[in-house]
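The values are calculated or read from the model by the stated rules, or taken from the named source; none is laboratory data. Being a predicted model, the structure only gives us computed values, none of them experimental. Glycine gets a Cβ as well: all are built from the backbone with ideal geometry, and neighbour counts include every protein chain shown. In case anyone asks, the SASA skips ligands and DNA or RNA and just uses the protein heavy atoms, side chains included. Shrake-Rupley method; radii C 1.70, N 1.55, O 1.52, S 1.80 Å.
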Amino acid sequence: MRTIEWKDGTVVIIDQTKLPNETVWVKIADYKAMASAIKDMKLRGAPLIGVAAAYGLALTAFHSKAKTREELQKELEESTEVLRKTRPTAVNLFWAIDRVMKKARDTAGSKEALAEAVVTEAQRMADEDVEINRKIGKHGAELIKDGDVVLTHCNAGSLATVDYGTALGVVRAAIEEGKNVKVIACETRPRLQGARLTCYELMRDNIPVTLISDTMVGYVMSRGMVDKVVVGADRIVRDAVLNKIGTYNVAVLAFEHGIPFFVAAPMSTMDQSRTSEDTIIEERNSQEVTNVGSERIAPEGVKVLNPAFDITPLEYVDAVITEQGILVPEVHLKQKRKN
Ligand code: MRU
């Protein structure tokens, strides 16, 4: 079941804010609605955000009333401005927009040829995402042993991608190879992607999952209940992995307990032009922290901090699992400390 689909000039997505209680499919008609869906997290997860932005541009191209190629090109540029402002941390958003716009520039011919090229490119990116995740899964499965318990944080599953998932793709691939694998899912405050989405999709696929609150990670690791950690990424810079807030805590605890910490991500999540010093960590609405669902749990007027992502130095990362294979970070504190 795909998380996002192109259907006769609209894009259909699952509204992830409603999961797991309701499975609601929403039709997205234009790039503005797509930008809102990304910003409001109706869809989320770095690879899915990228494909969604590409589809946002496809909607502009498909419905354009432009009379000339230049006019359409201008409409596309205007759409990119809005889409780029939705969420700053996941590099896949910018990668996808740049890829579609390059395709548009490189396509010769009429306005119609340009529109078709943009729609085709977006669809190709959606199909490629699934193939890439399967490759990530296949490589990552080599690192998972029969009987392993894998702890994951946030949702890096089929709901964060077009299908199959990155971190959860590794689990799926290991199970498809006949290995017995169980998952521990951190709830992932404040948006609860672990509790709501990871548990939902794993239970749907009959993959054993146990939910814990984020505060229980140290306990389960110290009790020998975790064999490996596999998480996704929103951006991998030269010195660090940017992923959902709380990932850094998990990485440090994994390090202290000698538990391998793996990051599963497509090459499109790599941003080797930057270090963690020059990336933007998204700050979200304070209500995500002061409330649980619609219920307020903190006093009115309290000061709140709500960074949506954190920074895990590569020294805590044993390997990055990509579609091209398993990459081991050069700077490896673990190794240095051992020597
Ligand atoms: O804020 P979200 O839900 O978009 O954050 C998602 C994550 O942090 C994922 O771990 C990451 O995007 C990788 S998804 C394959």
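List of remarks:
- When Phe255, Phe262 are checked against the criterion of being crowded, with 16+ Cβ neighbours inside 10 Å, in contact (Cβ under 8 Å) with a residue 40 or more places away in the chain and more than 16 Å from the ligand (Cβ to nearest atom), Phe255 stands alone in meeting it.
- Single unsatisfied condition, Leu76 versus (1) of a type in the set (A, V, I, L, M); (2) within 16 Å of the ligand (Cβ to nearest atom); (3) in a helix (DSSP H, G or I): (2)
- Against the conditions (1) on the phi > 0 side of the Ramachandran plot; (2) without any contact (Cβ under 8 Å) to a residue 12 or more places away in the chain, Tyr219 satisfies every one except (1).
- Lone unmet requirement of (1) surrounded by 18 or more Cβ atoms within 10 Å (Cβ to Cβ); (2) closer than 18 Å to Met41 by Cα for Thr279: (2)
- Among the conditions (1) farther than 22 Å from Ile14 by Cα; (2) away from the ligand (no atom under 11 Å from the Cβ); (3) at pLDDT 95 or above, Ile136 misses just one, which is (2).
- Region 87-108, residues that are of a type in the set (Val, Ile, Thr) and touching a Leu at 6+ places or on another chain (Cβ under 7 Å): Thr89, Ile97, Val100, Thr107
- Counting the residues of region 282-301 that are crowded, with 17+ Cβ neighbours inside 10 Å and at positive phi gives 0.
- Top-ranked residue of region 196-214 - restricted to ones that are within 13 Å of the ligand (Cβ to nearest atom) and open to solvent by less than 30 Å² (accessible area, probe 1.4 Å), ranked as farthest from the chain's Cα centre (by Cα): Glu201
- Counted as qualifying within region 235-339 are the helices (runs of 4 or more DSSP H) with 1 or more residues that are at pLDDT below 95, namely 333-338.
- Failed item in (1) in contact with a strand residue (DSSP E or B) (Cβ under 8 Å, 6 or more places away or on another chain); (2) open to solvent by 40 Å² or more (accessible area, probe 1.4 Å); (3) within 16 Å of the ligand (Cβ to nearest atom), with Ile326 passing the rest: (3)
- Residue list for region 155-171, restricted to those being crowded, with 24+ Cβ neighbours inside 10 Å, over 9 Å from the mean Cα position of the chain (by Cα) and more than 7 Å from the ligand (Cβ to nearest atom): Ser158, Val162, Leu168, Gly169, Val170, Val171
- A single entry from Thr68, Thr152, Thr120 fulfils the requirement of being hydroxyl-bearing (Ser, Thr, Tyr) and within 16 Å of the ligand (Cβ to nearest atom): Thr152.
- Residue, least open to solvent (accessible area, probe 1.4 Å), within region 78-112, restricted to residues that are within 23 Å of Arg44 (Cα to Cα) and among the charged types (D, E, K, R): Arg87
- Residues that are farther than 18 Å from Ala195 by Cβ and not acidic (Asp, Glu), drawn from region 4-26: Ile4, Trp6, Lys7, Gly9, Thr10, Val11, Val12, Ile13, Val24, Trp25, Val26
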